[in-house]
1. Once you keep just the Cα pairs under 8 angstrom separated by 6 or more residues, what percentage relative contact order results for the chain?
2. As a check on your grasp of the helix formula, calculate [θ] at 222 nm for the chain: sum -39500 (n - 2.57) over DSSP H runs of n ≥ 4, divide by the residue count, round to the nearest 500.
3. Full-extension gain between residue 41 and residue 137, please, as 0.36 nm times their residue separation minus the C-alpha to C-alpha distance.
4. Tell me which of 136, 20, 85 sits at the most positive position along the dipole axis of the chain, charges placed on C-beta atoms (Lys, Arg +1; Asp, Glu -1).
5. Out of 22, 116, 126, any idea which swings most in a Gaussian network model of the chain, alpha carbons joined below 10 Å?
6. Within region 1-76, list the chymotrypsin sites (Phe, Trp or Tyr not before Pro) lying in a DSSP loop whose Cβ has at most 15 other Cβ atoms in a 10 Å radius.
Amino acid sequence: MLNRRIARVVALQALYACEIAGEDAIETTLDYVARMHECDEDQVKYAHYLLKIALQEIESLDEDIRNHTANWALDRISAIDRNILRLALCELRCCSQDAPFKVVIDEAVEIAKEYGSPDSGKFVNGIIDSVYKAYTKSDIRKESTADGTNAQKV
């Protein structure tokens, strides 16, 4: 059974490492982190999928974060919180059929509490909730397709 929490944490740690050290060693980093967490094949696939989409969509995800963080520059948000937000928004956009929004938000908040600062859970919850409401109004979410690509939901 796929434990997505572990896959999300692996994706977070790999995305964080990529932000700090650069994207050059993305596959090596993901493999290393997955081995640390003793991930099964499905967990590695899901972590890789999230990481791939987050990196492809990073500018758009960052724009969404900026639009919902009043008076906060993106670089003022801790790297952990910023990457938790990126991955959660990625799931809300691209995995809406596989992961209900309440689960995505709850998981992001719990991961933020575990890996972020004492206030990270509340901060992440507020931003994701605000962005999700905007997504549902504009229907920007994407549906996952069988081949791992995404189709814009219209």
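Derivation of every value follows stated rules applied to the coordinates shown; laboratory data play no part. Keep in mind it's a predicted model, so treat the numbers as computed, not measured. All Cβ positions, even for glycine, are placed from backbone atoms using ideal geometry, and neighbour counts span all protein chains on display.
1. Computed value for the chain: 21 percent relative contact order.
2. Helix contribution divided over all residues of the chain: -22500 deg cm²/dmol.
3. Extra length from residue 41 to residue 137 when fully extended: 31.0 nm.
4. 136
5. Of 22, 116, 126, the most mobile in the Gaussian network model is 22.
6. Answer by residue number: 72.
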